[in-house]
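The values are calculated or read from the model by the stated rules, or taken from the named source; none is laboratory data. These numbers come from a predicted model, not from an experiment. All Cβ positions, glycine included, derive from the backbone under ideal geometry; neighbour counts span all protein chains shown. For the accessible areas, the whole protein counts, side chains as well, though only heavy atoms, and no ligand, DNA or RNA atoms are used. Shrake-Rupley method; radii C 1.70, N 1.55, O 1.52, S 1.80 Å.
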Amino acid sequence: MSGQKINIAVFVSGGGTNLQALIDKQKSGVISSGEIRLVVSSNKDAFALERAKKAGIPAVVVSKKECGSQEAFEKKIREYLKQYNIELIVLAGFMCILSEGFTSKYPKRIVNVHPSLIPSFCGKGFYGLKVHEAALDYGVKVTGATVHFVNEVPDGGEIIMQKAVEVQDGDTPETLQKRVMVNAEWIILPQAVEKVSAQLQKNK
Ligand code: GAR
């Protein structure tokens, strides 16, 4: 494969296990059409920052609270994206909603991983463990993960990949979250990132 790699930024807020999956799959060659050039964290205490540091990837913290407004928050992020010539944004456990003013500037260039089979258990208020709590409360027997493009509708953009995971008797939100991560998120997020990067590279 020839051509320049697509410059990727990964947005995080917490543990960063999906970031780690991306780093590992970049090393192993599953991701070959793009390269993670920047990590953006909304939280200065995110363990994801340690993962970025260990992998030698530049990382910045942009706190919405410190910026004072959504507009200032997004402006600051966009400055970093320009500085690093970012062409593709990956939301990997990023717990802030981006406005239409932001998402419309990156059409089909922002992807998100969500821990359910969209359109179930998604949209505003469904994030992290809450998604798995809702799945268990409803009593579904199959859940999973979805990677989709991000537009102005929370969790509403075009679906890129999905993978199903069985719910087991006695599951807690924590055990279900772990199974969905291991068996779905950590697999389809890197695959989807490669798929989108390869497409962007082809059109460059
Ligand atoms: C992941 O399960 C991710 O799908 C979810 O938060 C977790 C972050 O874990 N994201 C959302 O709920 C977004 N709506 P990580 O920081 O270890 O990757």
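Looking for whichever is under 22 Å from Leu22 (Cα atoms) and free of Cβ contacts under 8 Å to residues at least 40 places away in the same chain here; the options are Val40, Val60. Which one fits?
When all the criteria are applied, what remains is Val60.
Hey, any hits in the stretch 184-196 for a residue that's within 15 Å of the ligand (Cβ to nearest atom), of a type in the set (Val, Ile, Thr) and either more than 30 Å from Ile6 (Cβ to Cβ) or at pLDDT below 95 (or both)?
Checking the stretch 184-196: not a single residue is within 15 Å of the ligand (Cβ to nearest atom), of a type in the set (Val, Ile, Thr) and either more than 30 Å from Ile6 (Cβ to Cβ) or at pLDDT below 95 (or both).
Answer yes or no: is there a residue in the stretch 97-104 that is of a type in the set (S, T, N, Q) and open to solvent by less than 50 Å² (accessible area, probe 1.4 Å).
Checking the stretch 97-104: at least one residue is of a type in the set (S, T, N, Q) and open to solvent by less than 50 Å² (accessible area, probe 1.4 Å).
What are the residues in the stretch 104-129 that are of a type in the set (D, E, K, R) and touching a residue at least 40 places away in the same chain (Cβ under 8 Å), if any?
Those that are of a type in the set (D, E, K, R) and touching a residue at least 40 places away in the same chain (Cβ under 8 Å): Lys108, Arg109.
Can you pull out every residue in the stretch 24-44 that is open to solvent by 10 Å² or more (accessible area, probe 1.4 Å) and within 16 Å of the ligand (Cβ to nearest atom)?
The answer is Asp24, Lys25, Gln26, Ile36, Ser42, Asn43, Lys44.
Within the stretch 107-126, is there a residue that is in contact with a helix residue (DSSP H, G or I) (Cβ under 6 Å, 6 or more places away or on another chain) and either modelled with pLDDT under 95 or over 20 Å from Gly14 (Cβ atoms) (or both)?
No; the residues of the stretch 107-126 include none that is in contact with a helix residue (DSSP H, G or I) (Cβ under 6 Å, 6 or more places away or on another chain) and either modelled with pLDDT under 95 or over 20 Å from Gly14 (Cβ atoms) (or both).
All but one of (1) surrounded by 13 or more Cβ atoms within 10 Å (Cβ to Cβ); (2) at pLDDT 95 or above hold for Lys53; state the number of the condition that does not hold.
For Lys53, the failing item is (1).
Considering the stretch 4-16 alone, what residues qualify as being within 16 Å of the ligand (Cβ to nearest atom) and buried (at least 21 other Cβ atoms within 10 Å of the Cβ)?
Ile8, Ala9, Val10, Phe11, Val12, Gly16
With respect to Ile77, determine if the residue is surrounded by 13 or more Cβ atoms within 10 Å (Cβ to Cβ) and within 16 Å of the ligand (Cβ to nearest atom).
Taking the combined requirement at face value, the residue does not satisfy it.
I'm trying to understand the selection: among the residues of the stretch 158-204, which are touching a Ser or Thr at 6+ places or on another chain (Cβ under 7 Å) and either open to solvent by 80 Å² or more (accessible area, probe 1.4 Å) or in a loop (DSSP other than H, G, I, E, B) (or both)?
The answer is Gln162, Val167.
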